[in-house]
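A.B. asks: Below is one structure. I have some questions about it.
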Amino acid sequence: MWVFVLSPTAAAFMDRLQTEITQLLSDEGVILLEMTSAMRNRRLQIRIIADRKASGITIDDCARLSREIRHLILEKNLVESDFALEVGSPGLDYPLRETWQFEKNIGRLLKILIPGEKGPKEISGRLKEVTPDGIVLAVDQKNINPAFNELLSVKVLPEFKSPGTESKP
């Protein structure tokens, strides 16, 4: 396993880049969930995962935000070398972490990982409610109420509907 320690200059560069991008996204009503960067073939690759609290983020949003971020980087000379930029939405496999992410997924099927007596326990159920302390998940016609601090991992599960059928909230 490799561990990379950023020099103070590189850390300051990344902080400034993230601050500028976070502000631009915030002005657009978008939240920065994750930003990663890596050097590949002498080219800085920047990957951004963003979302909105109330609705999702579309492919058109990602393309527009990518153009705006690229313009910001070039205008403010935030990156001195050649760079590649990728802006995307979290997707189904992205873990839920923030309260607002849970709230926007009420009614969806979730897979959670919580501590168990013999190690982590995986449970799937439908998200019924978000409380100040945790969630209410319907599992096999009963509710479980894990606290946020018990949730090791939470992901939305895909649901496929047959034509003419409706999902149950």
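A.B. asks: For region 99-156, what ratio Rg/Rh do Cα atoms give with a Kirkwood hydrodynamic radius? Intermediate values should be presented prior to the final figure.
C.D. replies: Numbers: Rg = 10.5 Å, Rh = 11.3 Å.
Taking Rg over the Kirkwood Rh, I get 0.93.
A.B. asks: With θ set to phi - 60°, apply the Karplus curve 6.51 cos²θ - 1.76 cosθ + 1.60 along region 144-150 and write out the HN-Hα couplings as whole Hz, x wherever there is a Gly or Pro.
C.D. replies: 10, 10, x, 6, 4, 6, 8
A.B. asks: Continuing with the same structure: Return the long-range amide H neighbours of residue 98 (sequence gap of 5 or more, or a different chain), with a cut-off of under 5 Å between placed amide H atoms.
C.D. replies: Under 5 Å from the amide H of residue 98 lies no amide H from a residue far enough along the sequence or on another chain.
A.B. asks: Given DSSP loops and a limit of at most 12 other Cβ atoms within 10 Å, what is the longest stretch of the chain that contains no such GluC sites (Glu not before Pro)?
C.D. replies: Details: sites that count: 80, 117, 159, 166.
That gives 1-79 as the longest site-free run.
A.B. asks: Nearest 10 degrees is fine. How inclined is helix 59-75 to the longest principal axis of the chain, computing both from alpha carbons?
C.D. replies: 30 degrees
A.B. asks: Radius of gyration and Dmax for region 54-169's Cα atoms, expressed in Å?
C.D. replies: Radius of gyration, then largest Cα-Cα span, for region 54-169: 18.8, 57 Å.
A.B. asks: Take the chain, connect every pair of alpha-carbon atoms lying under 10 Å apart with a spring to form a Gaussian network, then pick out the residue of 45, 18, 101 with the largest mean-square fluctuation.
C.D. replies: 45
A.B. asks: Can you list the residues, at least 5 places off or on another chain, whose amide H is less than 5 Å from the amide H of residue 153, using H built in the peptide plane?
C.D. replies: Sorted by chain and number, the residues that satisfy this are 113.
A.B. asks: Another question about this same structure. Give me a comma-separated list of calculated 3J(HN,Hα) values for region 122-132, in order, Karplus coefficients 6.51, -1.76, 1.60 applied at θ = phi - 60°, integers in Hz, x for any Gly or Pro.
C.D. replies: 9, 9, 10, x, 8, 6, 9, 7, 10, 9, x
A.B. asks: Report ³J(HN,Hα) in whole Hz for each residue of region 32-40, in order, from the Karplus equation J = 6.51 cos²θ - 1.76 cosθ + 1.60 where θ = phi - 60°; Gly and Pro get x.
C.D. replies: After applying 6.51 cos²θ - 1.76 cosθ + 1.60, I find 7, 8, 7, 9, 10, 9, 7, 8, 9 Hz.
A.B. asks: Return the single residue from 155, 118, 128 with maximal mean-square fluctuation; model: Gaussian network over the chain, springs between Cα atoms under 10 Å.
C.D. replies: In this elastic network of the chain, the residue with the biggest mean-square fluctuation among 155, 118, 128 is 118.
A.B. asks: If you don't mind, another one. Once Rh is set to the Kirkwood radius over Cα pairs, what Stokes-Einstein translational diffusion coefficient, in µm²/s, holds for region 1-132 at a temperature of 37 °C and a viscosity of 0.692 mPa s?
C.D. replies: On the way: Rh = 17.1 Å.
Answer from the Stokes-Einstein relation: 192 µm²/s.
A.B. asks: Taking the chain as a Gaussian network, where each spring joins two C-alpha atoms under 10 Å apart, which residue of 52, 64, 108 fluctuates the most?
C.D. replies: Looking only at 52, 64, 108, the biggest GNM fluctuation is shown by 64.
Each reported figure results from applying straightforward, stated rules to the coordinates on display, with no laboratory input. Note that the structure is a prediction, hence the values are computed from the model and not measured. Reconstructed Cβ throughout: ideal geometry from the backbone, glycine too, with neighbour counts over all protein chains shown.
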